[in-house]
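Down below is the structure, laid out as structure tokens.
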Amino acid sequence: MNVLSQFTPEGRWRGLADWVDVPGVYAAGRLDRDSEGLLVLTDDGRLQARIASPRTATPKVYFAQVEGAPDAGAVEALRRGVALKDGPTRPAEVEAVPEPDWLWPRDPPVRVRRSVPDHWLRLAITEGRNRQVRRMCAHVGLPVLRLVRWSVGGWTLEGLAPGAWRAA
């Protein structure tokens, strides 16, 4: 978190070079600096294009802690796809889930409001627009407090600690 998904830093934001010392790789897709989770790095331009292209519909799975309780209407709207300013989204797979037991503590912690409950959603999308999951959830009245990408295609976070990486 608070790291750009690129190797060069910008202003006060750190880049991936602070964590990954592997020459010739670059990010296949992006995470905004407020999000956490899996980022695929590759030296294969074709693979990068395939992961990033909406035409290939590579599934990306996220766990989102949202403010409020997701009702059936909000979940169904996400499943059908919602109309954002840059056009309608593809349908998403969405389900309410308990907080993931594999999840690490967040730094800084998510703000807690006693009067507003929070819940977790597991969402699978096949696009990768800028801040798409956050915008989709906000559109249905569920602002995202924490967003963690679990998987991209067949790659998952399983067995990886925050800041760690592995060669595939």
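The values are calculated or read from the model by the stated rules, or taken from the named source; none is laboratory data. Please read all numbers here as calculations on a predicted model, not as lab measurements. Cβ sites come from the backbone with ideal geometry, for glycine too, and all protein chains shown count toward neighbours.
For the range 106-150, residues that are among the aromatic types (Phe, Trp, Tyr) and out of contact with any Ser or Thr (no Cβ under 7 Å at 6 or more places or on another chain) total 1.
Considering the conditions (1) at pLDDT 95 or above; (2) more than 20 Å from Gly37 (Cα to Cα); (3) assigned to a loop (DSSP other than H, G, I, E, B), Ala74 is excluded by exactly one of them, (3).
Do we have any residue at all in the range 78-93 that's under 18 Å from Leu145 (Cβ atoms) and hydrophobic (A, V, I, L, M, F, W, C)? Within the range 78-93, one or more residues are under 18 Å from Leu145 (Cβ atoms) and hydrophobic (A, V, I, L, M, F, W, C).
Counting only residues that are assigned to a loop (DSSP other than H, G, I, E, B), small (Gly, Ala, Ser) and touching a residue at least 12 places away in the same chain (Cβ under 8 Å), the range 1-48 holds 6 of them.
Set side by side, the residues Val75, Val97 differ, and just one is within 15 Å of Ser151 (Cβ to Cβ) and touching a residue at least 12 places away in the same chain (Cβ under 8 Å), which is Val97.
Taking the listed residues Arg113, Arg146, Arg135, the one that is in contact (Cβ under 8 Å) with a residue 40 or more places away in the chain, outside any strand (DSSP E or B) and within 14 Å of the chain's Cα centre (by Cα) is Arg135, with no other qualifying.
Residue check: Gly141 meets all listed conditions (1) in a loop (DSSP other than H, G, I, E, B); (2) without any contact (Cβ under 8 Å) to a residue 60 or more places away in the chain but one, namely (2).
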